[in-house]
Amino acid sequence: MSSSTIIPWVVGNWKMNPMQANSQQLIQDLKQYLQQNPITQQQCHLGVAPISIALLSVQQQLQDAQSPVKVVAQDLSQMSGTGAYTGEVSAELLKDSQIDYVLVGHSERREIFGDDVVKVKAKLTNALNAGLTVIYCVGESLEQRETGQAEQVVLQQICDLAAVVKAGQWHNIVIAYEPIWAIGTGKTASPQDAQAMHAKIREGLTQITVEAQQTAILYGGSVKAENAVELAACPDINGALVGGASLNAESFYKIAQAFANTKE
Ligand code: PEP
């Protein structure tokens, strides 16, 4: 079903990049594009997810941007509040620093850093209880796709989410469908395949929450300026989580424009 009333989101996941000087340049360049051609909050929510030590400085540098750009944490602790947990940053500490958005369940966290379902659920619970908006990542591996399990895997990840989100918290959920085989590989799911999975996710959400038609479902996996327009035209693709291409201001801006234009 078409969900054209949803304002799209375009969020850049900078991952473990870039060095400070490049980050400052990237922000400067992005601000310049937004100065020349602003994107309103009614057209598209913009966000960037820098490394944790840069969250506050990036937030400050973006304060005078012509269009608002949200600053998103790439991860949070499975522990809540404050305490003796060396190296961890809790949901409450993010909120205390006015960081209101966080990624949870990114496949790199799940695959490399052992974020299993128990940890992911704890992180979701902590983030939502602290009032953060979560961009929750789901997606299947190549093997799971090739053996016909993609839908089942993704819908199970949606069930994991549903197990912890309370009725009044769905407005703080954004979903990102990121097929693992498309992340950082240059391979993008075809708009048809992506749309089909997004429609399945929305159908799944409809069984769970009355907010299903208002929940943004982003696509992630080698999104570039060159494929953004086609992806943005799909009725259930409500934005993009962008890795590699978000490290280039022009590419990121063009992707944002592609989604913002669907709201004109
Ligand atoms: C990501 O890591 O969220 C991602 C989508 O990366 P890329 O765009 O580089 O595939």
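The values are calculated or read from the model by the stated rules, or taken from the named source; none is laboratory data. Predicted model only: the values in this text are computed from it and were never measured. Don't worry about glycine lacking a Cβ; one is built from the backbone with ideal geometry, like all the others, and counts go over all protein chains shown. When the accessible area is computed, the model is the full protein with side chains, heavy atoms only, and any ligands, DNA or RNA have been set aside. Shrake-Rupley method; radii C 1.70, N 1.55, O 1.52, S 1.80 Å.
For the reader, a short list of remarks on this structure follows.
- Global form of the chain, assessed from the alpha-carbon gyration tensor, a/c cut-off 1.5: rounded
- Ordering of 167-179, 73-85, 238-250 by burial proxy (mean other Cβ atoms within 10 Å per residue, highest first): 238-250, 167-179, 73-85
- With R₀ set to 25 Å, the beta-carbon distance separating T86 from E111 gives a calculated FRET efficiency near 0.60.
- Amide H contacts for W14 (H built 1.01 Å from N in the peptide plane; partners 5 or more residues away or on another chain; cut-off under 5 Å): A49.
- For K70, residues with placed amide H under 5 Å, excluding near neighbours: L46, G47, V48
- Gain on full extension, evaluated as 0.36 nm per residue between Q20 and N172 minus their Cα-Cα distance, stands at 51.7 nm.
- Three-way shape label, the stretch 55-205, alpha-carbon gyration tensor, a/c 1.5: prolate
- Among the listed pairs K70/K119; K15/K254; K95/K119; K31/K70; K15/K187; K166/K263, those whose Cα-Cα separation exceeds 22 Å are K70/K119; K166/K263.
- Chain lengthening between K263 and I51 when straightened (0.36 nm per residue, less Cα-Cα): 73.3 nm
- Cα gyration tensor shape for the stretch 1-58, rounded if a/c is under 1.5, else prolate or oblate: oblate
- Here the Karplus relation 6.51 cos²θ - 1.76 cosθ + 1.60, evaluated at θ = phi - 60°, turns the backbone of the stretch 195-208 into coupling constants of 4, 4, 5, 4, 5, 5, 4, 5, 4, x, 5, 4, 6, 10 Hz, with x for every Gly and Pro.
- Rounded percent of accessible protein surface that carbon and sulfur make up, the chain, 1.4 Å probe: 50 percent
- Counting only DSSP H runs of at least 4 residues, each contributing -39500 (n - 2.57), and dividing by the residue count of the chain, the helix-based mean residue ellipticity at 222 nm comes to -12000 deg cm²/dmol.
- Charged side chains reduced to their Cβ positions (Lys and Arg at +1, Asp and Glu at -1) give the chain a dipole of some 280 debye around its Cα centre.
- For T125, the solvent-accessible surface with a 1.4 Å probe is about 50 Å², rounded to the nearest 10.
- Farthest toward positive dipole pole in the stretch 52-130 [+1 Lys/Arg, -1 Asp/Glu at C-beta], among Y85, V58, N129: N129
- 10 Å Cβ shell holding at most 14 others, DSSP loop, trypsin sites (Lys or Arg not before Pro): longest site-free stretch of the chain: 1-165
- Accessible solvent surface per residue of the chain, calculated while the other protein chains remain in place, 1.4 angstrom probe, Å²: 46 Å²
- Close amide-amide hydrogen proximity is noted between A240 and W9, V10, V11, Y219, each under 5 Å apart and 5 or more residues distant or on a separate chain (H modeled in the peptide plane; Pro and chain starts excluded).
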